1. Which residue out of A125, A142 is more than 21 Å from V28 (Cβ to Cβ) and not charged (D, E, K, R)?
2. If I ask for residues that are of a type in the set (D, E), farther than 19 Å from I152 by Cβ and free of Cβ contacts under 8 Å to residues at least 24 places away in the same chain, which ones from region 38-95 would you list?
3. For region 88-112, which residues satisfy the criterion of being in contact with a strand residue (DSSP E or B) (Cβ under 9 Å, 6 or more places away or on another chain) and within 25 Å of E40 (Cβ to Cβ)?
4. P124: in contact (Cβ under 8 Å) with a residue 60 or more places away in the chain and of a type outside the set (S, T, Y), yes or no?
5. Take region 67-89 and flag every residue that is in contact with a Lys or Arg (Cβ under 6 Å, 6 or more places away or on another chain) and among the hydrophobic types (A, V, I, L, M, F, W, C).
Amino acid sequence: MSDGEARPAPRPRGRALPVDDSIFFKLVRVVNLTARPFSESIGKAHRLSLNEWRVLLVLANHPQVVASEVAALTGLDKMSVSRAIAGLERHGRVVRKVDAEDRRRLPLRLSAAGARLYERIGVPAKARERSLFRGMSAADQARLDRLLDRLIDNLAAADDAAA
């Protein structure tokens, strides 16, 4: 092999993760496939990152939450939430106002422009959600919902134990 040729990647030490039949990897893949149309068209058209969309979605459903609550509701780290909020504020889509009862608290809400954007983007998002669950019965969806809640609880407990 000459110096200019690419060398094959070294094999990982220990046992390789079983990507093809890994439930964890399948969950990651579902998230990526679900988000792909957003990243390829909607986000570009509206100058909106995927994390900004996620924050916008939370604020539309939970007005007056603070950034740490957004992080808990989305599963994003605090820095990603902070960047998303900053981007939304920069484009006039989110308003932060000091809480009159607790001046340290800065609740967030959508501005009029943010609410209009949420309504405009929400339609294709709901269509994507319908295509995701096409062919699944209501009972299957309810069972999946319970299982996902259990997974979220498991990870929250593990994170609490590690802290």
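We did not get these values from a lab; they are worked out from the coordinates using the rules stated. Just so you know, these numbers come straight off a predicted model, no measurement behind them. With ideal geometry, Cβ positions are generated from the backbone for all residues, glycine too; neighbour counts draw on all protein chains shown.
1. Values: A125 fails: more than 21 Å from V28 (Cβ to Cβ).
Sole residue among the options that is more than 21 Å from V28 (Cβ to Cβ) and not charged (D, E, K, R): A142.
2. Looking only at region 38-95, we keep the residues that are of a type in the set (D, E), and these are 40, 52, 69, 77, 89.
Next, from what is left, pick out any that are farther than 19 Å from I152 by Cβ: 40, 52, 89.
If the condition is that a residue be of a type in the set (D, E), farther than 19 Å from I152 by Cβ and free of Cβ contacts under 8 Å to residues at least 24 places away in the same chain, then E40, E89 are the ones that fit.
3. Our first condition is that a residue be in contact with a strand residue (DSSP E or B) (Cβ under 9 Å, 6 or more places away or on another chain); within region 88-112, this holds for 88-89, 93-97, 106-111.
Matches in region 88-112: L88, R93, V94, L110.
4. Details: in contact (Cβ under 8 Å) with a residue 60 or more places away in the chain: yes; of a type outside the set (S, T, Y): yes.
It is true that P124 is in contact (Cβ under 8 Å) with a residue 60 or more places away in the chain and of a type outside the set (S, T, Y).
5. Our first condition is that a residue be in contact with a Lys or Arg (Cβ under 6 Å, 6 or more places away or on another chain); within region 67-89, this holds for 71, 74.
Correct list: A71 only.
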